[in-house]
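One structure is given below, encoded as structure tokens.
The values are calculated or read from the model by the stated rules, or taken from the named source; none is laboratory data. All values reported here derive from a predicted model rather than from experimental measurement. Because the Cβ atoms are built from the backbone with ideal geometry, glycine has one as well, and the counts that use them run over all protein chains shown.
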Amino acid sequence: MGKVWFVGAGPGDPDLITVKGRNLIEQADAILYAGSLVSETATRWAGPGCAIEDSKGMDLEEIIAWLIRKAREGETVIRLQTGDPGLYGALIEMVQPLDEAGIDVGVVPGVSSAMASAAAGVESLTLPEVTQTVILTRVEGRTPMPEGESLAELAQHHCTLCLFLSITLLKKVQTELLQAGWTEDAPILVVHKASWPGEEKIIRGTLADIREKCRAEKINSQAMIIVSPTLGARQWNELKKSKLYDKSFSHRFRKAQTTSQ
Ligand code: SAH
């Protein structure tokens, strides 16, 4: 009986897969990739005998049946997922039936689109004395949000918010951020197809105008919305420096320099 690996393919650029993920692709007997979000080039390291299929037209049951069938035939089976498999990836829904079928499962993490979007904009999601917290969330669409997790509630922390699956709900994003006390001039970054070679689009705006700007650019899918008090820090004159590199701060690998009197 083979093993099914859930491998994070990364956000789009095929070079952003981990070495472990790539090694598994090289060894794989079968790969099922989520074609709506993962580029087929992500399978380019697969060997000649590897069965490769796009799951775009399959429902969850068909995906599970495919994985179980292949795991019974071969040794290494891969479910290639976008970004990191543990974020909005239906991971557990697929793992449970594999557990029931007695098939071994492994997960290889991936670079999430949240990280790739921050990188695209040369932004830091945390900054000393600005915010030290990142919330990965979405606004309520067809999937209901659990109690206490509405954007209006989460945004009250005024930390960094990375909003998945919400680009068609920008109106709601605006309303809930305003409810939480964010101002109309709060900066917002939207990245469409972060890291996809030749396809990435970066839109910068404010709470007041981001919806208009995204509409003008026809962005209505595969986009990350980042709302953060750190946005644009590259241009700031006043920046509190991280303690990590501070001369007067000791840590495990470096002693503080003491000033002589
Ligand atoms: N597991 C994935 C998220 C899957 S949910 C991850 O870790 O990134 C799909 C949502 O992810 C999309 O609606 C969009 O909000 C975001 N997304 C996926 N790929 C993206 C990309 N290349 N650029 C921007 N957002 C992306």
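Restricting the search to the stretch 191-216, which residues are under 25 Å from Thr41 (Cβ atoms) and touching a strand residue (DSSP E or B) at 6+ places or on another chain (Cβ under 9 Å)?
Listed by number, the residues that qualify are Val191, His192, Lys193, Ala194, Ser195, Glu199, Glu200, Lys201, Ile202.
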Residue check, Ala119 within 16 Å of the ligand (Cβ to nearest atom) and at positive phi: no
Of all residues in the stretch 68-85 being loosely packed, with under 14 Cβ neighbours inside 10 Å and basic (Lys, Arg), the one that is nearest to Asp54 (Cα to Cα): Arg69
Single match in Ala114, Ala65, Ala71 (criterion: within 15 Å of Ser195 (Cβ to Cβ) and assigned to a helix (DSSP H, G or I)): Ala114
Qualifying position, being without any contact (Cβ under 8 Å) to a residue 60 or more places away in the chain, β-branched (Val, Ile, Thr), surrounded by 16 or more Cβ atoms within 10 Å (Cβ to Cβ) and within 16 Å of the ligand (Cβ to nearest atom), among Val107, Val139, Val111: Val139
Residue within the stretch 75-83 that is away from the ligand (no atom under 13 Å from the Cβ), at pLDDT below 95 and either outside any strand (DSSP E or B) or farther than 30 Å from Leu189 by Cα (or both) present: yes
Criterion violated by Tyr88 - all others in (1) without any contact (Cβ under 8 Å) to a residue 60 or more places away in the chain; (2) within 30 Å of Glu200 (Cβ to Cβ); (3) surrounded by fewer than 19 Cβ atoms within 10 Å (Cβ to Cβ) satisfied: (1)
Test: residue in the stretch 42-51 that is assigned to a strand (DSSP E or B) and more than 24 Å from the chain's Cα centre (by Cα): yes
Neighbours by Cβ (under 6 Å, 6+ apart or cross-chain): first from the stretch 37-52, over 8 Å from Ile25 (Cα atoms); second assigned to a loop (DSSP other than H, G, I, E, B) and of a type in the set (Phe, Trp, Tyr): none
Any hit, the stretch 153-170, residues being in contact with a Phe, Trp or Tyr (Cβ under 8 Å, 6 or more places away or on another chain), more than 16 Å from Val134 (Cβ to Cβ) and not charged (D, E, K, R): yes
Given (1) closer than 30 Å to Ala120 by Cβ; (2) in a helix (DSSP H, G or I), index of the condition Ser36 fails: (2)
